[in-house]
Each structure stands twice: as structure tokens, then as C-alpha cells.
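Okay, structure first, notes after.
A short reminder: the numbers here are calculations on the coordinates, not readings from a lab. Model, not experiment: these values are computed from the prediction. In this analysis, Cβ positions are derived from the backbone assuming ideal geometry, glycine residues included, and neighbour counts consider all displayed protein chains.
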Amino acid sequence: MKITPATLRRLLLSTTIAALGASWFAPADAAAVSPVIQINEATSKADITTQQLRGNISVLMGAGGNIVALQGAKGKFLVDAGISVSKAKLQAALAQVGKGPVKYVANTHWHWDHTDGNTWLGESGATIIAHPNTLKHISETTRVDDWNYTFKPLPKAGLPTILVKDGKTMQFGGELITLKNLGNGHTDGDLWIRFEKADVLVLGDTFWNGVYPFIDNASHGGINEAIKWANHAIEQSSDHTIIVPGHGPVGNRAQLIEFRDMLVTVRDKVKGLKDKGLTVEQAVAAKPTSQFDAKYGNFVINPDFFTRLVYAGL
């Protein structure tokens, strides 16, 4: 299905994880159904939507985090793998993008909505690329109390065999692909992937376009680190650059600057409250995000939980 930019936000807010409202990463009640299970159920019912970006590069939405596909003469290079319940629909969408198997999958970070599809893609012959810390996280049992869920290790077929600690360049499909890590950001194992010829920059969950982001403090992410990644991406992009977020519609440099400015303002307000000795509950009650809530507070991270994430990361 081809979609126009004008319909992207409506589609994003009516499919997949958006169907769960603003409760995705809110702390889970121990007796409640895990939001991970709820997200998987919603994703299994969602359609995959495809938007062509530039050249032979497309973004596919509806399988979890945004997936980017570069079509080459003999196959595809993917950025992220989505959630495995979308396998059949994603296979059909990829077949519409172009012929040939998936040759490579580069994971932007370890979270399951970006890596759960690694296994079936690896079993199909794809080579998985990731940061060493992403390999670590998806190779071990991980309990996430806030989500009331325990992630099991991925099978061997889903584990990355090409590891990128700092940076790497690759040639594929007529493109020069740059993979880069800037240290801790959204997690401790983020990669950005840039298609140099097309000037398409894929930022994973270091950029959530028009919505509050999740910052994984438990995996050594943090608000200051998220701002650092945004600043560097702003410096390395131009008004011509297409910027693909982990969640939200495809964006541009102006939207990334707006996102960065929001992060800085909220960080500074929460820091001021914390420095005055306010508890996290008092900081939440002070509503430091209020000027941004109308725009950024309507997706899966609500204003109160975003405040808690920022507070915990300072």
C-alpha cells in the first residue's frame, strides 16, 4: 500500500502500537496484561504501510518500529526487523518493494519492536548487524519490570554476526551506507544508519517525530545522551536530508531541531525541580512538559511518564 505524507500521522495513530493509546511504556501493574503482549496483539492486526523516500529506499510502518528498506539488484538491506507477528504481512510488503531476499538487517538498538523479527529474517539468510551491546541484550534473559515482561534470548539465527562498536561503512545497492554509534543515547547500543547518496538518515529511537520518546535509563540511556545524539544529527544533516525516526512520520531537520529543543527545555525544567529537592511525584505534579503536551503527548508516552523518565536520567 502506497501512502502520501498527508495520511501518515492518521495511519500511525490508528494502527499497531498507537492502538493502545498513551499507555505503552507506562509502569505496568503486576496483575495486568503486559503492554508487550498488548502491543504484539495490536501489531498482529495492523496493516503494513509503505512510503517511498528517495531512490530505491522505502520506509515500512506497522510492524513495530519503522523499518527502512534499500532495494538493490540482488536483494535488500533493512534497518530494523519489527515484531515477528508481522512476518507474513512484512514479507508481502517487502515483495512489493522489489525482488530478491533480505541480505542484511541493521538493528538500531535492542528493543523487541526493532529486533523481534531478526530470527525469521536470519533463518531466511539475512546477516544481522548491530552494536555489541545490542547483541548482549538480545542474547540474555531480560526482565523489564515497568512492562511486566521477561524477554527471552533470541535464537542463534536472530543474533548479529557483524558488530559495529563505533562506526562502519558498507557498499550495497549502489549506496554508501554509514553506521555510527555516538555512545549512550536511547540505550547503550544505538546505531544510526545513513544512506549517503540518497541523503537519508535513519535515527532509530533516538528520534521520535512529534511525540514524546521513551528513554531506556535501565539500559544506560539518558536525557542528556538523547540530546547529544539529536545535536549531532542536526549538525550532520541539512534541509535536503530525509530523517527517519524510530516512531512517528518521516521527518526533516526542522522537525528534529524542534524535537531537540523540546528535550532541552523539559530537561532544564525537570533539572531545576530536582535541584530544588522536589521528589519525582512533586516534579510530575508541577507539569514541566505542559507547553509541549498538546503536540507531543498524544502517542504512547504520556506527559507524566516522560517526566519520570527525564527525572530518573538526571
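Give me the percent relative contact order of region 5-312, please, defined on Cα pairs under 8 angstrom at least 6 residues apart.
That works out to 16 percent.
For the residues Glu258, Glu235, what sequence is obtained by ranking on other C-beta atoms within 10 Å, fewest first? Before the final figure, lay out each step's value.
Details: Glu258 17, Glu235 7.
The order, fewest Cβ neighbours first, is Glu235, Glu258.
Using a Cα-Cα cut-off of under 16 Å, which lysines could be cross-linked to Lys274, ignoring same-chain neighbours fewer than 8 residues away?
Lys287
In deg cm²/dmol and to the nearest 500, what is the mean residue ellipticity at 222 nm of the chain if only DSSP H runs of at least 4 residues count, each as -39500 (n - 2.57), divided by the residue total?
When only DSSP H runs of four or more count, the value is -9500 deg cm²/dmol.
Can you spot the lysines whose alpha carbon is less than 28 Å from Lys156's alpha carbon? Ignore those fewer than 8 places along the same chain.
By straight Cα distance, Lys156 reaches Lys45, Lys74, Lys76, Lys87, Lys89, Lys99, Lys103, Lys136, Lys165, Lys168, Lys180.
When we measure straight from the Cα of Lys152, which aspartates and glutamates land under 13 angstrom away, once same-chain ones fewer than 8 places off are left out?
Partners within reach: Asp116, Glu140.
Would you grab the residues whose amide H sits under 5 Å from the one on Tyr149? Only those 5+ places off in sequence or on another chain, please, with H modelled 1.01 Å from N.
For Tyr149, whose amide H was placed from the backbone, the distant partners under 5 Å are Val144.
Please state the shape class of region 170-314: rounded when a/c is under 1.5, otherwise prolate if a/b exceeds b/c and oblate if not, all from the C-alpha gyration tensor.
It comes out prolate by the Cα gyration axes.
Nearest-5 percent of antiparallel DSSP beta bridges in region 60-124? Show your work: numbers first, answer last.
Working: 5 of 9 bridges.
Given both bridge residues lie in region 60-124, the antiparallel proportion sits at roughly 55 percent.
Taking the beta-carbon count within 10 Å as an exposure proxy, list Met170, Met61, Met262 from fewest neighbours to most. Display every interim value, and only then the final one.
Details: Met170 16, Met61 26, Met262 20.
Ascending Cβ contact count within 10 Å gives the list Met170, Met262, Met61.
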